[in-house]
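See structure below.
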Amino acid sequence: MINTIGGKEFASMLSGGTFKLAAYRQNINDLNVFPIPDGDTGDNMLMTFGSGADAAKRAGGDLGAVAKAAADGMLLGARGNSGVILSRIFAGITSEFNGLESADIDDFKRGMKTGVAKAYGAVSNPVEGTILTVFKDAVNYAEGNAPEGGLEEYFKTLLDEMGRSLDRTPELLPVLAEAGVVDSGGAGLYYIFEGMKDALEKGENYAEEKRTEVAKAASAIDFSLFDENSVLEFGYCTEFLLRLQRAKTDVEQFDAEELAAYLNSVGDSVVCFKDGSIVKVHVHTKDPGGILRYCQQYGEFLTLKIENMTLQHSEAVSKGDNAQAKLANHKKKKTGIVAVAAGKGLKETFLSLGVDEVVDGGQSMNPSAGDMIAAFDKVNAERIFVFPNNGNVILTAEQAAGLYDKTEVIVLKTKTIGEGYAAVSMMETDGTTEDIVGGVYESVAEVVTACVSKANRNATKNGVSVINGDYIGFVGDEIISDDADKNEAAKKLLGKINVAGYGLLLMFIGEAVTDEEAEKLKKELEKSYPETEVIVIKGDQPVYDYMFVLE
């Protein structure tokens, strides 16, 4: 029987939860109420929880220190609504471990109740039948029904009710019942606590044996932008974690300030600090090899990343990336803009409208709070307006804004690319914040965004029978059309939303649509709606073959 756990055990439990979540990530993604391949709850929760587990593993020390590291890691790694809620759940749990060397059942019960409160507090309009309900039901039940015994019995009781509550979610949310699924966030939470329970019972080696590494694929780089005639103007961004080795140096007495002084003599933009036996380094230099050789006299590298900043700069300029191209201008401007978008053409479109920084993301690839904060850092402005352009990114953007204290950040709750496009294109950046916010919401009030995407399963929704492999047309959560041909699905969709009543129809073309298909559809729409101007933009967006914006 296990009565208490310390920092090492808690870190192991978090690793166990990460493993279990990784194993069932795709299952969670597939619990999507909408029959297109945009389910990303599993990915969001895994990246969020994994960030916390990794931070806890690195932290070491007593329970309080490990718990704080885990909470901070989840906070910065939070992606999507499910990730933000998950980070708040564990912020509550771990807050009750502050200053403790170990925790018992009573400590866990307090933490779980605080987690419920923080999770509900993170959502302006909590919806029952979601991860919130599943966690609340389980915590309340385990509070009074866990039998006398160790933490194993508490977690078993918690999981039993969590499973029952998860099964009840379709009774609370009709959209789940219609799709024939349970809540995906609640399912992810179940797997997390199941993995934590497994690690608790089987010992710290369990998680290490089972752990799955999760890496985010790097964006493709256009290497032609640094050719045989290029000059290395900006040097290399060099980052690494160095594990100090006792065979090479006195780990306890190692002076990171002396290392920082050396780094400043051979580079700039230096960040250097020591955490236990690990030294974190960030430096801009034209001679990364010299720095690596110098540092290797003290230890060995755990991670290492070197990026050509001249190539990055050239790529940013070629894309019209306003923030990167203006790094030399350190004078703060009054207003900066950050938007979220996926697809080369979409991102270029937002940059051409005056957006300073585009965060890569959207449906199926929600950015983290850390990604948003990195974008804020690049925008040198007295105030920053943020356009999430996806309902599942709004909470993350708000969390990032709350964490950022270098300037004022205002999140404008645009839920679609269409709303974001309309808002940015009509935005007057010289007005007061109040006037800008009011103008944005006024400009998006009448905007309609309609999409076409390929169905990945059979379904019946809003009276429309969806066939796996067909293309469906929809506005928000309402499916309007279904057809085996993407262009036919688009025409049926637009035929039911009064296109003739709008003066402008923007067609954002997805990465899977050929030029011939797009041109054919454009001509047919121009013929059908002669009074409406049709503009085609190559968005290259994933998931959505077509995105139509009506203004």
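The values are calculated or read from the model by the stated rules, or taken from the named source; none is laboratory data. What you are looking at is a predicted structure, and each value in this text was computed from that prediction instead of being measured. A quick note on method: Cβ atoms are made from the backbone with ideal geometry, for glycine too, and the neighbour counts reach across all protein chains shown. We work out accessible area using only protein heavy atoms, side chains counted, and drop any ligands, DNA or RNA first. Shrake-Rupley method; radii C 1.70, N 1.55, O 1.52, S 1.80 Å.
For this structure, a couple of remarks:
- Output for segment 492-506, where each listed residue is within 17 Å of Ile472 (Cβ to Cβ) and either open to solvent by less than 60 Å² (accessible area, probe 1.4 Å) or touching a Pro at 6+ places or on another chain (Cβ under 8 Å) (or both): Leu493, Leu494, Gly495, Ile497
- Hits in segment 88-112 (condition: farther than 30 Å from Pro388 by Cβ, in contact with a Ser or Thr (Cβ under 8 Å, 6 or more places away or on another chain) and open to solvent by less than 10 Å² (accessible area, probe 1.4 Å)): Ala103, Gly111
- Out of Arg293, Arg243, sole residue that is at pLDDT 80 or above and within 32 Å of the chain's Cα centre (by Cα): Arg243
- Test result for Ile85, among the β-branched types (Val, Ile, Thr), open to solvent by 10 Å² or more (accessible area, probe 1.4 Å) and not in a helix (DSSP H, G or I): no
- Within segment 500-524, the set of residues being more than 36 Å from the chain's Cα centre (by Cα), within 24 Å of Ser425 (Cβ to Cβ) and either of a type in the set (A, V, I, L, M) or at pLDDT 90 or above (or both) comprises Ala500 only.
- Filter result for the condition that a residue is assigned to a helix (DSSP H, G or I), open to solvent by less than 10 Å² (accessible area, probe 1.4 Å), over 24 Å from Val182 (Cβ atoms) and not β-branched (Val, Ile, Thr), over Phe49, Phe10: Phe10
- When segment 468-482 is filtered for residues that are open to solvent by 20 Å² or more (accessible area, probe 1.4 Å) and part of a strand (DSSP E or B), the ones remaining, listed by number, are Tyr471, Val475, Glu478, Ile480, Asp482.
- Yes/no for Ile384 being open to solvent by 10 Å² or more (accessible area, probe 1.4 Å), at pLDDT 95 or above and outside any helix (DSSP H, G or I): no
- Residue check, Ser465 open to solvent by 50 Å² or more (accessible area, probe 1.4 Å) and either on the phi > 0 side of the Ramachandran plot or of a type in the set (Ser, Thr, Tyr) (or both): yes
- Taking residues in segment 239-255 that are more than 21 Å from Gly289 (Cα to Cα) and open to solvent by less than 70 Å² (accessible area, probe 1.4 Å), and partners anywhere that are modelled with pLDDT under 90 and not polar (S, T, N, Q), the pairs with Cβ atoms closer than 8 Å and at least 6 places apart or on different chains are Phe254/Lys274; Phe254/Val279.
- Picking from residues in segment 124-159 that are charged (D, E, K, R) and either assigned to a helix (DSSP H, G or I) or in contact (Cβ under 8 Å) with a residue 40 or more places away in the chain (or both), the one that is nearest to Val175 (Cα to Cα) is Glu128.
- Checked against (1) surrounded by 16 or more Cβ atoms within 10 Å (Cβ to Cβ); (2) at pLDDT 95 or above; (3) not hydroxyl-bearing (Ser, Thr, Tyr), Asp485 passes all but a single condition, namely (1).
- Just one residue in the set Met427, Met372 is touching a residue at least 24 places away in the same chain (Cβ under 8 Å), assigned to a loop (DSSP other than H, G, I, E, B), on the phi < 0 side of the Ramachandran plot and buried (at least 20 other Cβ atoms within 10 Å of the Cβ); that residue is Met427.
- Contacts under 7 angstrom Cβ, first residue in segment 90-104 being in a strand (DSSP E or B), partner crowded, with 24+ Cβ neighbours inside 10 Å and of a type outside the set (Val, Ile, Thr), 6 or more apart: Ser102/Leu63; Ala103/Leu63; Ala103/Phe97
- The lone exception for Val444 - which of (1) more than 25 Å from the chain's Cα centre (by Cα); (2) more than 23 Å from Glu511 (Cβ to Cβ) it fails: (1)
- A Cβ distance below 9 Å, combined with a sequence gap of six or more or placement on separate chains, defines the contacts here; from segment 271-289, residues that are under 18 Å from Asp250 (Cβ atoms) and assigned to a strand (DSSP E or B) reach residues that are modelled with pLDDT of 75 or more and among the hydroxyl-bearing types (Ser, Thr, Tyr) in the pairs Val279/Tyr298.
- Taken together, the residues in segment 117-169 that are over 18 Å from Ser184 (Cβ atoms) and in contact with a Leu (Cβ under 8 Å, 6 or more places away or on another chain) amount to 8.
- Entry remark, segment 405-435: residues being of a type outside the set (Ser, Thr, Tyr), more than 20 Å from Gly539 (Cβ to Cβ) and in contact with a strand residue (DSSP E or B) (Cβ under 7 Å, 6 or more places away or on another chain) number 5 in total.
- Qualifying residue in segment 160-169 (condition: surrounded by fewer than 17 Cβ atoms within 10 Å (Cβ to Cβ), at negative phi and hydroxyl-bearing (Ser, Thr, Tyr)): no
- Candidates Glu442, Glu531, Glu446, Glu551: the one that is under 22 Å from Tyr421 (Cα atoms), touching a helix residue (DSSP H, G or I) at 6+ places or on another chain (Cβ under 7 Å) and loosely packed, with under 13 Cβ neighbours inside 10 Å is Glu531.
- Residue among Glu524, Glu488 that alone is in a helix (DSSP H, G or I), of a type in the set (Asp, Glu) and either touching a strand residue (DSSP E or B) at 6+ places or on another chain (Cβ under 9 Å) or touching a residue at least 60 places away in the same chain (Cβ under 8 Å) (or both): Glu488
Each row is one residue, and each column tells you yes or no for (1) part of a loop (DSSP other than H, G, I, E, B); (2) over 19 Å from Gln363 (Cα atoms); (3) hydrophobic (A, V, I, L, M, F, W, C); (4) free of Cβ contacts under 8 Å to residues at least 12 places away in the same chain.
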site	(1), (2), (3), (4)
Lys492	no, yes, no, no
Ala518	no, yes, yes, no
Pro530	yes, yes, no, yes
Val536	no, yes, yes, no
Gln541	yes, no, no, no
